[in-house]
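Reviewing the structure listed below.
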Amino acid sequence: MLRPIRTVAAAAAALLLATACNSASTSGAPGGAAGATTRGVSADSVRVGGIVSMTTASGYSKKDTDLGARARYDRANAEGGVHGRRIDYLGAEDDGQDPARNLAAARTLVQQEKVFAVAPMSSVTFSGADFLEQQKVPTFGWGTLPSFCGPKHIYGFNGCLVPMPGGTLNQTWPEGLGAVLGGTKGRSVALIAADSDAGKFGIRTFTQGFTAAGFRVSYAKAVVPAASAPSDWSAYTKEILRSDGGKAPDAVVSVMQTPYNIGLFTALKRAGFKGVISDPTDYDPGLLTKEATRQALDGVHVLLQFEPFESNSPAMRQFKEDIANAAGGKDIPLNMHMVTGYMSADLFLAIAEKAGRELTVESFQKAAAAFSDTGTLVGDRAEPKGQRESFGCGALVQLRNGRYEVSSPFRCYPPVPFR
């Protein structure tokens, strides 16, 4: 008799557990429709968490993404929250830029912390994407990974930057560099990235984008070891500097992070390269405190997919004020990680506001399906367009003599089809 009793008890426990889990994910917001997903929503708050690579093996850190998100949520709460609900921002889980930790962080936020949304998500790995999509968790970050392109519940704050076939490509980088060079006709470009899925996809997309803009792509390889930056870059620089019919290309574009760029750019300059150098990551005054770093990045044109900090627009003035408030009034150097967190939070808040007082995942998704606004730090936004293509806006800044200067003004370019 003991075995049947234990079996029944186990079944009953499983039923209770399932009921508890269902209750956690479908109740909490007064007045929510039967079966509506209101995990993390109460009468007076909405729980939100983040996933950010705070620490990495290379020393590269996106920790200020958390500060940027907190700055935007702080202002939202100071203004009364979203339809009277305070944003209960739990801060960001550190994934260490490790796929296993990224998935673990996603599980922790959903299963233990019971968050309604993840905003921001900022890492070069997004192994938690499938889990968050399955759990119907609205998730926001920089749309530089394929996971931001296609899923219903995952949003890039500037749209989808690495689309699947049938989507479009953002042309800010090739068109901006074309303007810097005085045109693309007859110009050549070398593209280099880390040997990773993201690097390979980046090479594929940017090869198409630069070709569509009129460049001749003389070199396009994702060959740099992804685990750590090389100590000797000579093999890469020799190949790049002979790639255009035995001579150097007009421009070298790195689709890599700062520690890699410092080594590559230093090696290129020592080898005598005089052309244009560009990357998408090194817009950070904090990098300029070290002389060697400042020399390596001097003259580099950095791609931005938001208004430069040098802008004096109302949106940029508000951003600076919010960051200063979140930092306790301290005058801290601004960087693009802050923008990532800030604009991830901003897009989440904008859609949540449109969703209305009866906030559920279903009402949120309905609001997102017809969402648009204008005049933001990333230009005009629209969903679900942003889950298929980028918002198409950006700028280039150049580091010169220890200061960043706008080399190609913030503007929006027509996208081109991705094949």
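Residues in the stretch 165-192 that are aromatic (F, W, Y) and part of a loop (DSSP other than H, G, I, E, B): there are none.
You will find that of A212, A198, the residue that is hydrophobic (A, V, I, L, M, F, W, C) and in contact with a strand residue (DSSP E or B) (Cβ under 7 Å, 6 or more places away or on another chain) is A212 and no other.
Conditions tested, residue by residue: (1) in contact with a Cys (Cβ under 9 Å, 6 or more places away or on another chain); (2) over 18 Å from L169 (Cβ atoms); (3) part of a helix (DSSP H, G or I).
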position	(1), (2), (3)
N312	no, yes, no
M343	no, yes, yes
L349	no, yes, yes
E353	no, yes, yes
R357	no, yes, no
T374	no, yes, no
Q398	no, yes, no
F410	yes, yes, no
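Of the residues making up the stretch 224-253, just one is over 26 Å from S58 (Cβ atoms), part of a strand (DSSP E or B) and open to solvent by less than 30 Å² (accessible area, probe 1.4 Å), namely D244. Among the residues of the stretch 143-164, those that are in a strand (DSSP E or B) and closer than 20 Å to T374 by Cβ comprise Y155, G156, F157, G159.
Does G166 fit the bill of being modelled with pLDDT under 95 and of a type outside the set (K, R)?
yes
Taking residues in the stretch 184-203 that are on the phi > 0 side of the Ramachandran plot, and partners anywhere that are basic (K, R) and part of a strand (DSSP E or B), the pairs with Cβ atoms closer than 9 Å and at least 6 places apart or on different chains are G186/R216. Among the residues here, D331 qualifies as under 19 Å from L287 (Cβ atoms) and of a type in the set (D, E). Here K330, K385 are screened, and the one residue that is closer than 19 Å to Q318 by Cα and among the basic types (K, R) is K330.
Within the stretch 319-340, the set of residues being in a helix (DSSP H, G or I) and touching a residue at least 40 places away in the same chain (Cβ under 8 Å) comprises F319, D322, I323, N325, A326, M336, H337, M338, V339, T340. Please pick out the residue among E133, E175 that is surrounded by fewer than 21 Cβ atoms within 10 Å (Cβ to Cβ), modelled with pLDDT of 95 or more and acidic (D, E). When all the criteria are applied, what remains is E133. Summed over the stretch 84-122, the residues that are open to solvent by 20 Å² or more (accessible area, probe 1.4 Å) and closer than 18 Å to P138 by Cα give a count of 14. Of the residues making up the stretch 251-306, those that are at pLDDT below 95 and among the basic types (K, R) are K290, R294.
Among the candidates K330, K366, K354, K385, the residue that is of a type in the set (K, R) and under 30 Å from N261 (Cβ atoms) is uniquely K330. Among the residues of this structure, S372 does not count as one that is surrounded by 22 or more Cβ atoms within 10 Å (Cβ to Cβ) and farther than 27 Å from K290 by Cβ. Go through the stretch 309-328 and report how many residues are out of contact with any helix residue (DSSP H, G or I) (no Cβ under 8 Å at 6 or more places or on another chain) and open to solvent by less than 10 Å² (accessible area, probe 1.4 Å). Residues meeting the conditions: 1. Cβ-Cβ contacts under 9 Å between residues 6 or more apart (or on different chains), taken from a first residue in the stretch 406-419 that is under 11 Å from S390 (Cα atoms) and open to solvent by 60 Å² or more (accessible area, probe 1.4 Å) to a second residue that is hydrophobic (A, V, I, L, M, F, W, C) and in a loop (DSSP other than H, G, I, E, B), are listed as C412/F391. The single condition among (1) open to solvent by 30 Å² or more (accessible area, probe 1.4 Å); (2) out of contact with any helix residue (DSSP H, G or I) (no Cβ under 7 Å at 6 or more places or on another chain); (3) assigned to a helix (DSSP H, G or I) that R294 does not meet is (2). A Cβ distance below 9 Å, combined with a sequence gap of six or more or placement on separate chains, defines the contacts here; from the stretch 138-149, residues that are β-branched (V, I, T) and at pLDDT below 95 reach residues that are buried (at least 23 other Cβ atoms within 10 Å of the Cβ) and assigned to a helix (DSSP H, G or I) in the pairs T144/G202.
Residues in the stretch 201-222 that are within 27 Å of S58 (Cβ to Cβ) and either charged (D, E, K, R) or open to solvent by 60 Å² or more (accessible area, probe 1.4 Å) (or both): R204, K221. Considering the stretch 279-328, and only residues there that are among the small types (G, A, S) and closer than 26 Å to V180 by Cβ, the residue that is farthest from the chain's Cα centre (by Cα) turns out to be A292. Being more than 26 Å from S42 (Cα to Cα), open to solvent by less than 10 Å² (accessible area, probe 1.4 Å) and at pLDDT 95 or above holds for only one residue in L359, L396, and it is L396.
The values are calculated or read from the model by the stated rules, or taken from the named source; none is laboratory data. Remember, it's a predicted structure, so these values are computed and weren't measured experimentally. Note that we place each Cβ from the backbone using ideal geometry, even for glycine, and neighbour counts take in every protein chain shown. Heads up: the accessible areas ignore ligands, DNA and RNA and are worked out on the full protein's heavy atoms, side chains in. Shrake-Rupley method; radii C 1.70, N 1.55, O 1.52, S 1.80 Å.
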